Amino acid sequence: MSTLTKVFIVLLVVFSIAFTTMAISVVSQTTNWRDVANQFQEHAQVADANLRHMIAVNATELAAANETINDHLDRTNQLESLVQTGRNEVAQLRSELARAALEKSSSEAMNRGLLAQLQTAEAARAEYERQRNDLETRNIELERRNIDLNDRVNELTAQVSVMLEQQRQFQQQINILRQTNDRLSRSSGTPSARVALEDPRGAGLSDVHAATPATISAIRGRVVEVDGNLITLSVGSADGVTKDMIFVVYRGDQYVGDVKITLVDPNQSAGRTVTSRVAAQPGDEVTDAIGLGTSRG
């Protein structure tokens, strides 16, 4: 019930009371004025009761309305607080949005820079890939050439081994001819004469004279076996080895020791260690001391 309605009801009650009073004053002049007065008095009492009831109801409704208004005011204050909080949150979100937009711009700029670097790196990688392919092609070519060279080296090594063996055989033939010549000279009592040697290639060396005196070639070989202090060598009397000869044993550039020959066979010889820095091993190289001095001189 609105306030205007309540005011209208109150005015209606007041007018009713005034009209009742006027009616009573009018009716009091008639013959049944007492009965009418009683009736109007009853009506007035009823109206007064109704008015009091309506006033009480209106007061109750007014108190309830005031309470509702207070509740609405509290709710309004809460809503205003929520609205203010929302405004603060909106302002904060706008600030965060602006910061996020700035970060996005920075990230996009950084992404563009990284993309440019990536493109540069990709171009460099492509160039490196091309160079690597070129290097692999060259490496394959070099490996093929290396294989060819290894094959050639093996072939030349085999030829060198054959030639060294031929040289050893020729040297043995020379030593045998020298020994035969010396023996024949001693048996005949005449000075040793020059013996014509066969050309290693099969052709005679006619009308060939040495421009310089012949030098003694070094006798080279290897250690075949080591048994305590006894060392067996791969060269013998056919190579020009004689008893009591001194051979120098070495391993690469390392000096091993000296061996004095005590036993000579045509293709092997054996002797005992005279001096030793380290123990001799099979495979060590040997050369006679006279030939070593000649080669070094």
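Derivation of every value follows stated rules applied to the coordinates shown; laboratory data play no part. The model shown is predicted, which means the values in this text are computed figures rather than measured ones. Every residue, glycine among them, receives a Cβ derived from its backbone with ideal geometry; neighbour counts consider all protein chains shown.
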Q | Simple label model, 7 Å out from Cα along Cβ direction - residue 230 to residue 90, nm | A | 11.7 nm
Q) Peptides 168-174, 86-92, 250-256: what's the order by average Cβ count within 10 Å, highest mean first? A) 168-174, 250-256, 86-92
Q | Viscosity 0.890 mPa s, 25 °C: Kirkwood-radius Stokes-Einstein D of the stretch 220-297 over Cα pairs, µm²/s | A | 205 µm²/s
Q: Quote the charge dipole size of the stretch 3-88 about the Cα centre in Debye, to the nearest 20; the model charges only the Cβ of Lys and Arg (+1) and of Asp and Glu (-1).
A: 160 debye
**Q.** Label-point separation, residue 45 to residue 161 (7 Å along Cα→Cβ), nm
**A.** 15.6 nm
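Averaged over all directions, how much area does the convex hull of the C-alpha atoms of the stretch 69-155 cover when projected, in nm²?
Values: hull surface 42.3 nm².
So the Cα hull casts an average projection of 10.6 nm².
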Q.
Starting from a Cα-only point model with no solvent, please compute log10 I(q)/I(0) by Debye for the stretch 3-88 at q = 0.10 1/Å.
A. -0.47
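Counting other beta carbons within 10 Å of each residue's own, what order do 245, 163, 54 fall into, fewest first? Could you put the intermediate results ahead of the total?
Numbers: 245 20, 163 12, 54 17.
Lowest count first: 163, 54, 245.
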Q. Which of 257, 240, 229 sits closest to the plus end of the dipole of the stretch 220-297, meaning its Cα is farthest towards the positive end, when Lys and Arg get +1 and Asp and Glu get -1 on the C-beta?
A. 257
Q) Along the charge dipole of the stretch 26-157, Cβ charges K/R +1 and D/E -1, which of 50, 140, 110 sits furthest on the positive end? A) 110
**Q.** Pair residue 142, residue 98: separation of 7 Å Cα→Cβ label points (nm)
**A.** 6.4 nm
